[in-house]
Amino acid sequence: MQEEIVSQLSAIGLTRNEALAYLTLLESDEAEGTTGYEVASRSGIPRSAVYTVLRRLEVQGAAFCTGDKPARYLPTDPKRFIDQIRTTTTTRLERLGSSLATVPKRAQPEPVWVVSRYEEVLGRLESMIRRAQRSIAISAWARELERLAPAFAAVADRRLHQVLHSPDHLASPPPGFACWMGDAGAHSGTARWAHKALVVVDGTEAYIGGAEPAADNAGVWTSNPSLVDVATNHIILDITLLARATGRDPSADVGPMIRPELPPATSG
């Protein structure tokens, strides 16, 4: 458990020694604080480095010093520390955004990123879903949809147009989605198909590609409008074919996904 927390603290900017020192302070039961010597002996941080580490924690607002000869250290309450990091990070990002907005813009091609590893694919899909502000359209198998359940829960209270297609049946469909589910699990041949995923968020970004744990999925994430249209139209086709087979009307679900027709050409 300690290693997991150390890893999480490192992910927000603390060094490993700083994370170990902060945890040691939190676990200490000395009401008056813990000395640098005690922190070093309990955490494994070298004594030659422990005071530098503790001063860094003070600068970052994770700890404070009390007393003298010897100086003792107390941890900042975790909730207050996290709130402070959140506020500081938000402020820095806002300043960075304002600075970057002043950089002259030049025409650049829309990015197309190759995503290969399974966990990388799922991480990309989760971050896309959590960013959704207007719509989510997804075609994926139950195995991947179950892994994405936390992301679906995170956007459950947003007013989104949400459409889901799955080749196989879902025991617990994500809330808020219009679900179109097949019965691939009932057909042994279909059930062995390699898993693919198509995800389109807000009509502006898409993932197209594989979703297999033991394969080089070679999927792509992109904001290229043409490729986003390809992914969207593929999901529409999946739903339309299923609708034809079941006699269900897909209009309300796929209608908002269809781009408006081009205006008629005018003669010159």
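The values are calculated or read from the model by the stated rules, or taken from the named source; none is laboratory data. Since this is a predicted model, take the numbers as computed values, not measurements. Heads up, the Cβs are rebuilt from the backbone with ideal geometry, glycines too, and the neighbour counts pull from every protein chain shown.
Would segment 69-91 turn up any residue that is at pLDDT below 95 and within 24 Å of ALA211 (Cα to Cα)? There is no residue in segment 69-91 that is at pLDDT below 95 and within 24 Å of ALA211 (Cα to Cα). Of the residues examined, ARG86 is not one that is in the same structural domain as GLY13 (by TED's automatic domain parsing) and surrounded by 11 or more Cβ atoms within 10 Å (Cβ to Cβ). Just checking, how many residues over segment 59-87 are within 20 Å of ILE5 (Cβ to Cβ) and part of a helix (DSSP H, G or I)? Number satisfying all stated conditions: 9. The condition of being within 30 Å of GLY210 (Cα to Cα) and either in the same structural domain as PRO213 (by TED's automatic domain parsing) or part of a helix (DSSP H, G or I) (or both) does not hold for GLU18.
Looking across ILE45, ILE12, one residue alone is under 35 Å from the mean Cα position of the chain (by Cα) and either modelled with pLDDT under 90 or not assigned by TED's automatic domain parsing to the domain that holds GLY61 (or both). It is ILE12. Looking only at residues of segment 1-52 that are among the basic types (Lys, Arg) and surrounded by 12 or more Cβ atoms within 10 Å (Cβ to Cβ), we find that the one that is farthest from PRO70 (Cα to Cα) is ARG16. Filtering segment 211-258 to residues that are assigned to a helix (DSSP H, G or I) and of a type in the set (Ser, Thr, Tyr) leaves SER226, THR232, THR240, THR246, SER251. Taken together, the residues in segment 55-97 that are polar (S, T, N, Q), touching a strand residue (DSSP E or B) at 6+ places or on another chain (Cβ under 7 Å) and under 13 Å from TYR22 (Cα atoms) amount to 1. For segment 103-128, a residue qualifies if it is small (Gly, Ala, Ser) and surrounded by 12 or more Cβ atoms within 10 Å (Cβ to Cβ), and the qualifying residues are SER116, GLY123, SER127. Once segment 129-175 is narrowed to residues that are surrounded by fewer than 21 Cβ atoms within 10 Å (Cβ to Cβ) and of a type in the set (S, T, N, Q), the residue that is farthest from HIS195 (Cα to Cα) is GLN133.
Can you tell me which residue within segment 215-247, out of those that are in contact (Cβ under 8 Å) with a residue 40 or more places away in the chain and exposed (fewer than 12 other Cβ atoms within 10 Å of the Cβ), is farthest from HIS161 (Cα to Cα)? Ranking the qualifying residues of segment 215-247, first place goes to ASP216.
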